[in-house]
Structure formats: structure tokens, C-alpha cells
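The values are calculated or read from the model by the stated rules, or taken from the named source; none is laboratory data. Keep in mind that what you see is a predicted model, and the values were worked out from it rather than measured. Cβ atoms come from the backbone with ideal geometry, glycine included; neighbour counts cover every protein chain shown. Heads up: the accessible areas ignore ligands, DNA and RNA and are worked out on the full protein's heavy atoms, side chains in. Shrake-Rupley method; radii C 1.70, N 1.55, O 1.52, S 1.80 Å.
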Amino acid sequence: MTDYAQAYSALRSRVSDLVRTADPEQLERLAPAAPEWRVRDLVAHLSGITADVNAGNLDGVATDAWTARQVDTRRDWSIEQLLDEWDTEGAKVEAVMSSFPEVAIGQMTCDAATHEQDIRGGLERPGARDCDAVVIGCDWGLQVLAGVADPADATLRVETGAGTTTVGTGTRQIGVRVDRFELFRTMTGRRSLEQIRSFGWDGDPAPELLVLPIFTPRATPLVE
């Protein structure tokens, strides 16, 4: 079985270490992959999710308004306050993760892995590209992409260094070869159409099939 709690705890430890050693100026930087948020805002969002889950504050879960409240509430907190809260609330979530529906913890882990990479981009500290959280997030995202492929009458074969996954049952047969990390960042709207079209497509590129429904491709390329 996938150990979601272990993957999330390791992610929380990595991110906490990163931001604790960052300069105050670095924490105020806008993250290139999420330009509406500073690095510290991303930490506020991650901590706020765990606090909201523990409090049962799930009205509008995953909407822009829900996440904006997490950031706005903590806008003036110190990074130490944010990390203290995340330590406390994150540990509570990890203790009960195994009781959550798999689709929910898959999405939560995917979101956390996405924002770890956003934070790393803002701090110019790349890493953890093959971590368990990225693997979980990518696997979860591929399952969601089946719901993108079927309405497009497509069967999508995705080849990464980790193997081949086929999603969808449509008559259009489409194949793509792509690095798993690039696929992960593509699914969450962190790559441009130009970048997605440059992947190893069999036939005409179909970039819309690689992006999760709540996201859109970037307007400009992002190289991390």
C-alpha cells in the first residue's frame, strides 16, 4: 500500500528545512510557477490546508476562495509561526491519513508536491523531483486524465522513465514520451503549450490531454 503519511511527512520536513534557511528577502519573492503568491504564501497555504482539514472547514474545499482565505488569514504571520502551525496540524493529518478516501489524499499529496516545487523555484533550490510525493501526485493525476481523454474520444498512452500508462478508451490513439517530472509539472499548469508540444508525440501533439481540468497551461515557458 502507498504510505501517503510518510510521503507527506517527508515533504513537510524538506519544505520546512528549505524555508527555515532562506533569507527574509527570498521568502518575499513571488514564485515563478505561482506568480500570485510569495514563497511564504505557499507555506501559508500548505499549513492552512492541514488546519482546515483538522477543523472540518471544508466548505468550498480546493476552490480559489478556500485557498485564498488560508493565505489571507496568515499574511502577517512570521515564518516560524507558519511552520509551528504546520508541524502541529500536519502531524495530526498524517496520523489519520490512512482513513481518508484515496482520491482525497491523492489530491492533497499532489497539491503539496506541486507547491514544494513552486517553493523550490522561488528559492532557486531545485530537488526532490523523484520523491514519493511527486510519484503519488503523478499517478493520481494520470487517473484524473482519463476523465479528460474519454470526452475527447481519445486513448492516451504516456511513456515516462518509470513505465507506460494508458488512460481513456476513445478511438483516437495518441502517444507521448515525456520525463515524469515534466509530466507532473505539465498536469498542474506549470508548463506552456509550446513546451508541451515539444514532448515526444506520436502524430499531432494533443497538449490539452495532459493538463488536469482545473488548470490551464502557462502563457510563457517555465524552465526549472
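Filtering segment 138-158 for residues that are more than 22 Å from Ala206 (Cβ to Cβ), touching a helix residue (DSSP H, G or I) at 6+ places or on another chain (Cβ under 7 Å) and not basic (Lys, Arg) leaves an empty set. Name every residue in segment 1-37 that is open to solvent by 30 Å² or more (accessible area, probe 1.4 Å) and in a loop (DSSP other than H, G, I, E, B), in order of residue number. Hits for segment 1-37 are Met1, Thr2, Asp3, Thr21, Asp23, Glu28, Arg29, Pro32.
When each of Gly170, Gly175, Gly161, Gly147 is tested for being open to solvent by 60 Å² or more (accessible area, probe 1.4 Å), more than 16 Å from Ala33 (Cβ to Cβ) and among the small types (Gly, Ala, Ser), the lone residue that passes is Gly161. Given the structure, is Ala154 at pLDDT 95 or above and buried (at least 19 other Cβ atoms within 10 Å of the Cβ)? Taking the combined requirement at face value, the residue satisfies it.
Rundown of residues vs (1) at pLDDT 95 or above; (2) charged (D, E, K, R), yes/no style:
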position: Ile119; (1), (2): yes, no
position: Thr169; (1), (2): yes, no
position: Gly175; (1), (2): yes, no
position: Phe184; (1), (2): yes, no
position: Glu194; (1), (2): yes, yes
position: Gly203; (1), (2): no, no
position: Ala206; (1), (2): yes, no
position: Val211; (1), (2): yes, no
position: Thr220; (1), (2): yes, no
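Contact annotation: residue pairs with Cβ atoms under 8 Å, 6 or more positions apart or on different chains, pairing a residue in segment 82-96 that is under 12 Å from Tyr4 (Cα atoms) and open to solvent by 10 Å² or more (accessible area, probe 1.4 Å) with a partner that is among the aliphatic types (A, V, I, L, M) and assigned to a helix (DSSP H, G or I), are Glu94/Ala5; Ala95/Ala5.
For beta carbons closer than 6 Å, sequence separation of 6+ or different chains, a first residue in segment 41-65 that is charged (D, E, K, R) and a second that is part of a helix (DSSP H, G or I), the qualifying pairs are Asp41/Val71.
Selection within segment 181-217: residues that are in contact (Cβ under 8 Å) with a residue 60 or more places away in the chain and among the charged types (D, E, K, R). The member of this set that is least open to solvent (accessible area, probe 1.4 Å) is Arg185.
Taken as a whole, the condition of being touching a strand residue (DSSP E or B) at 6+ places or on another chain (Cβ under 7 Å) and either more than 16 Å from Leu212 (Cβ to Cβ) or not in a helix (DSSP H, G or I) (or both) does not apply to Val93.
Restricting attention to segment 39-81, the residues being touching a helix residue (DSSP H, G or I) at 6+ places or on another chain (Cβ under 8 Å), assigned to a helix (DSSP H, G or I) and either closer than 24 Å to Leu18 by Cβ or open to solvent by 20 Å² or more (accessible area, probe 1.4 Å) (or both) number 22.
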